[in-house]
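K.L.:
A single structure is presented below for examination.
The values are calculated or read from the model by the stated rules, or taken from the named source; none is laboratory data. Predicted, not measured: the structure shown is a model, and the values here were computed from it. Using ideal geometry, Cβ is built from the backbone for each residue, glycine included, and neighbour counts are taken over all protein chains shown. Accessible surface areas use protein heavy atoms only, side chains included; no ligands, DNA or RNA. Shrake-Rupley method; radii C 1.70, N 1.55, O 1.52, S 1.80 Å.
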Amino acid sequence: MHAVRDRTDEALKRCQEVYPALPAPKVWFDLKGASAGQAHLGRGGLRFNPVLLSNNRQAFFDEVIPHEMAHWLVFHLANGTRLKPHGREWQAVMRDLFGLEPKVTHRFDVQDAQSRPYYYQCDCQTHCFTARRHSLVVKGRRYRCRHCDQTLVYSAFKKP
């Protein structure tokens, strides 16, 4: 975690070369699910997913931290909160300041990071749902399999 903070400080210093008034973000390791990182203006910092960090350490240092720091910089520009999250300004920061291709999403394996304890069945496979999606089913939402088009039915256990 110290290495992430050090890399964040390096990225901050790089940003401050072009925008000296940029404040230092706080850093949290409380992000869950499929997102690797998040620049959170309201909370005043950057959030990172500790599971994805652990499984993709080098990519985190090379791509995710600069990606989120680019958001942090753009947020603090004049009218920054009105700019598109992955718009021209963000892309320019990624390309010109960090020398990176401005990719919007990562390609990490997120299976370890996502909690999917609810199993649903159709004729062709078992589907794993998050607690949020399961609660939507409990409230009446229906989901269909993209392969066999059958309505998914809750199963307490994963089919072997």
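K.L.:
Please pick out the residue among C124, C128 that is assigned to a loop (DSSP other than H, G, I, E, B) and surrounded by fewer than 17 Cβ atoms within 10 Å (Cβ to Cβ).
P.N.:
C124
K.L.:
Given P20, P117, which one is out of contact with any Leu (no Cβ under 6 Å at 6 or more places or on another chain), modelled with pLDDT of 95 or more and open to solvent by 20 Å² or more (accessible area, probe 1.4 Å)?
P.N.:
Result: P20 is the single residue among P20, P117 that is out of contact with any Leu (no Cβ under 6 Å at 6 or more places or on another chain), modelled with pLDDT of 95 or more and open to solvent by 20 Å² or more (accessible area, probe 1.4 Å).
K.L.:
Oh, and also: Give me a count of the residues in region 1-43 that are in a loop (DSSP other than H, G, I, E, B) and either of a type in the set (A, V, I, L, M) or in contact with a Phe, Trp or Tyr (Cβ under 6 Å, 6 or more places away or on another chain) (or both).
P.N.:
10
K.L.:
Quickly run through region 40-63 and pick out the residues that are modelled with pLDDT of 95 or more and aliphatic (A, V, I, L, M).
P.N.:
Selection gives L46 alone.
K.L.:
Tell me, which residue of region 87-101 that is of a type in the set (D, E, K, R) and part of a helix (DSSP H, G or I) is nearest to E17 (Cα to Cα)?
P.N.:
Ranking the qualifying residues of region 87-101, first place goes to D96.
K.L.:
Checking L46 against (1) open to solvent by less than 20 Å² (accessible area, probe 1.4 Å); (2) under 29 Å from A131 (Cβ atoms); (3) part of a helix (DSSP H, G or I), which single condition isn't satisfied?
P.N.:
Only one criterion is unmet by L46, namely (3).
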